[in-house]
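These notes are about the structure you will find just below.
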Amino acid sequence: CHITITKGNKGTYIWPKTVVNHTVTMPCQSLNLNYDASFQTTSYYCSENGTWQNVDTSRCSYISDTTRILEQFSKVNSSVLESARHFKNYTSNISIYKDVMDLAYTVETIESYANFHPSEPLSNILMDATSNLMNLPWDYLRESDKEYRSCSKLVNVMENLALGNPASLFQRVSFIPS
């Protein structure tokens with residue numbers, strides 16, 4: 001296989017010229033200091049016909065701090081209401097969204113919070129966070145939905161929240177000044 005470069009949300013890698021039917025492994029560009037660095041590798045397979053196949057960066061951390069933070073929010077199991085408030089505050093700055101994985105992890109986090117049988121305060125926080133996301137650029141939303149069904153999942157979560165807590169929809173106070 002000829003020398004090639006791959007670029008993604010987990011790094012840019014220059015793969016050396018390689019013999020066929022061989023897997024090249026190299027260290028991840030971004031390391032998670034909580035794990036053994038020797039296990040944080042990426043690999044790319046040079047097939048029998050001399051073409052690169054199956055780049056694997058699954059053991060690597062994301063390059064973007066935002067994506068790493070949102071990934072951690074998506075795995076949270078602490079005090080749900082307090083965590084959701086921090087999450088809403090963090091995601092209210094839509095300029096942090098660069099990679100489509102950022103929105104995918106945001107939606108995964110909202111889904112996780114919604115699975116905790118949300119109370120009215122939690123439902124309101126999740127609806128506010130979702131409302132903020134509607135200010136993201138249309139092309140970004142479309143791309144994330146195409147790759148990860150992010151918007152479709154978000155609509156589904158909001159519908160379920162509304163059905164589970166219909167009174168909260170009509171009791172919301174508008175924070176927009178008249």
(message) Suppose R0 equals 30 Å. What FRET efficiency, 1/(1 + (r/R0)^6) with r the Cβ-Cβ distance, do R59 and K98 give to the nearest 0.05?
(response) 0.85
(message) In whole Å, what are the extents of the chain along the principal axes defined by its C-alpha atoms, from largest to smallest?
(response) 66, 33, 27
(request) For the stretch 54-158, give the magnitude of the charge dipole about the Cα centre (Cβ charges: +1 Lys/Arg, -1 Asp/Glu; no others), in debye to the nearest 20. (result) 60
(request) Could you check how much of the accessible area of the stretch 1-116 is carbon and sulfur, as a whole percent, using a 1.4 Å probe? (result) 52
(request) Hey, can you find the accessible area per residue of the chain for me, probe 1.4 Å, expressed in square angstrom? (result) 61
(message) Solvent-accessible area of D139, probe 1.4 Å, all protein chains present, reported in Å² to the nearest ten, please.
(response) 100
(request) Any cysteines in the chain with zero other Cys Cβ atoms under 4.7 Å from their Cβ? List them, or say none. (result) C151
(message) At a 10 angstrom cut-off on C-beta neighbours, averaged per residue, how do the peptides 8-21, 120-133, 84-97 rank from highest to lowest?
(response) 120-133, 84-97, 8-21
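Counting Lys and Arg as +1 and Asp and Glu as -1, each charge on the Cβ, what is the dipole of the chain about the Cα centre in debye, to the nearest 20?
Numbers: 14 positive and 17 negative charges, 41 e Å.
Taking the Cα centre of the chain as origin, the dipole is about 200 debye.
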(message) Please compute the length gained on full extension between E120 and Y90, using 0.36 nm multiplied by the number of residues separating them and subtracting their Cα-Cα distance.
(response) 8.7 nm
(message) For the ranges 42-52, 103-113, what's the packing order if you count other beta-carbon atoms within 10 Å of each residue, average per peptide, and put the highest first?
(response) 103-113, 42-52
(request) Give, in nm to one decimal, the length gained when the segment between T41 and K17 is fully stretched (0.36 nm per residue of separation minus the Cα-Cα distance). (result) 6.8 nm
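The values are calculated or read from the model by the stated rules, or taken from the named source; none is laboratory data. In this text the structure is predicted, and so the values were computed from the model without any measurement. When we count neighbours, we look across all protein chains shown, and the Cβ atoms used for this are built from the backbone with ideal geometry, even at glycine. Protein only, heavy atoms only, side chains kept; ligands, DNA and RNA dropped before computing areas. Shrake-Rupley method; radii C 1.70, N 1.55, O 1.52, S 1.80 Å.
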